[in-house]
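Undergrad: Below: one structure in structure tokens.
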Amino acid sequence: MDKHLKSLAAKHVDTKFIKLDAENASFFVTKLAVKTLPCVIIFRKRVAVDRLVGFQDLGGKDDFATRTLEVFLIKKGIISEKKNEDDEDDVYDESRRRSVRSSVNHDSDSE
């Protein structure tokens, strides 16, 4: 689970991912009623709204793909779908390029 969350955290920088070691965070384990590991607790506006316990929602095995976890979190509304950086549809639009000194009005002489 750690490697998948680490990968997703790098990709979804607008979402905060926090990892706690259950052995060293007994207060949080008790407070959040963690009984099974791994346990991913989903917070929205500082309130626990959902959780992923074990691997039950990821195919029941620990060899799931990172994309499986990503889809789960997208469905829960925690992260948003990211477009792959390798997509060929991402063509650079030269007409949208502007320099620091360019004018919004293309007919203007104020450049």
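Undergrad: Does Ala22 qualify as being open to solvent by less than 100 Å² (accessible area, probe 1.4 Å) and either under 15 Å from the mean Cα position of the chain (by Cα) or closer than 17 Å to Val71 by Cβ (or both)? Let's see the steps before the verdict.
TA: Numbers: open to solvent by less than 100 Å² (accessible area, probe 1.4 Å): yes; either under 15 Å from the mean Cα position of the chain (by Cα) or closer than 17 Å to Val71 by Cβ (or both): no.
No; evaluated as a whole, the condition is false for this residue.
Undergrad: Right, next: Restricting to the range 45-104, name every residue that is under 17 Å from Met1 (Cα atoms) and at pLDDT below 90.
TA: Within the range 45-104, Gln56, Asp57, Gly59, Gly60, Lys61, Asp62 qualify.
Listed here are the residues, each with its yes/no results for (1) assigned to a helix (DSSP H, G or I); (2) exposed (fewer than 11 other Cβ atoms within 10 Å of the Cβ).
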residue	(1), (2)
Lys6	yes, no
Ala33	no, yes
Thr36	no, yes
Ala48	no, no
Asp63	no, yes
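The values are calculated or read from the model by the stated rules, or taken from the named source; none is laboratory data. These figures come from a predicted structure and were not determined experimentally. Neighbour counts run over all protein chains shown; Cβ positions are idealised from the backbone, glycine included. When the accessible area is computed, the model is the full protein with side chains, heavy atoms only, and any ligands, DNA or RNA have been set aside. Shrake-Rupley method; radii C 1.70, N 1.55, O 1.52, S 1.80 Å.
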